[in-house]
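Here's the structure, in structure tokens; my notes come after.
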Amino acid sequence: MKLHLGSGSRYLEGYLHVDIADYEHIDIKSSVDKLNTIDNDTVDEIYASHVLEYFDRNEVESVLNEWKRVLKKDGVLRIAVPNFEALIKVYQETAEIEKILGPLYGKWDLTDGNFIYHRTVYDKNSLTELLERIGFSDIELWNWREVFKDNLGYDDHSQAYFPHMDKENGIHVSLNIQCKK
């Protein structure tokens, strides 16, 4: 079993889609921090792209422990979050704060007239330390080109660049980290 947490409008073949928004492809309509319908140790992979930053630093450990609960031993957690270090680089190169406001603060329309915003930001060190504290192992960066090679045409925020869509010369502004239970 593979979960796509916080999938929103994006459909990823081969995954169960979990989100609080109302889209036709959502398999489980639930907040991603409450996976009550999923048994312990039953999930092979969790993919959560630009979801974790919507949780406060004081609640993120609980969220990650919930994700760890459902993962099988050696199950993979693949996370993408806005990369604070890359956003600073964009700002330093452009001196335009507007260029980083979207990835930094986010704004997600829940399709019911309500919005949620990012509550925190990560760099590689802070996210790695957090995952280690929860007890995840084999923490490393992952490359979206490798992960999505069998899902050609799939595009989400894990592939975010500045300038927008300049995947060859731009600054990759998504921090993509994976680990194992």
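The values are calculated or read from the model by the stated rules, or taken from the named source; none is laboratory data. Everything quoted here is computed from the prediction, not taken from an experiment. Cβ: placed from backbone, ideal geometry, glycine included. Neighbour counts: every protein chain shown.
General observations
- Scan of the range 74-103 for residues that are among the aliphatic types (A, V, I, L, M) and either assigned to a helix (DSSP H, G or I) or crowded, with 18+ Cβ neighbours inside 10 Å (or both), ordered by number: VAL76, LEU77, ILE79, ALA80, VAL81, ALA86, LEU87, ILE88, VAL90, ILE100, LEU101
- Number of the exception - ASN114 against (1) in contact (Cβ under 8 Å) with a residue 12 or more places away in the chain; (2) within 28 Å of TYR15 (Cα to Cα): (1)
- Against the list (1) surrounded by 15 or more Cβ atoms within 10 Å (Cβ to Cβ); (2) more than 16 Å from GLY6 (Cα to Cα); (3) modelled with pLDDT under 95; (4) not charged (D, E, K, R), the condition GLY106 fails is (2).
- Among the criteria (1) out of contact with any Ser or Thr (no Cβ under 7 Å at 6 or more places or on another chain); (2) aliphatic (A, V, I, L, M); (3) closer than 20 Å to HIS164 by Cα, the one LEU110 does not fulfil is (3).
- Residues being among the aliphatic types (A, V, I, L, M) and either in contact with a Gly (Cβ under 7 Å, 6 or more places away or on another chain) or more than 21 Å from ASN125 (Cβ to Cβ) (or both) - total across the range 77-105: 3
- Failed item in (1) surrounded by 15 or more Cβ atoms within 10 Å (Cβ to Cβ); (2) of a type in the set (Lys, Arg); (3) modelled with pLDDT under 95, with LYS2 passing the rest: (3)
- Single residue of the range 109-153 satisfying the filter (assigned to a loop (DSSP other than H, G, I, E, B) and of a type in the set (Ser, Thr, Tyr)) that is surrounded by the most Cβ atoms within 10 Å (Cβ to Cβ): THR120
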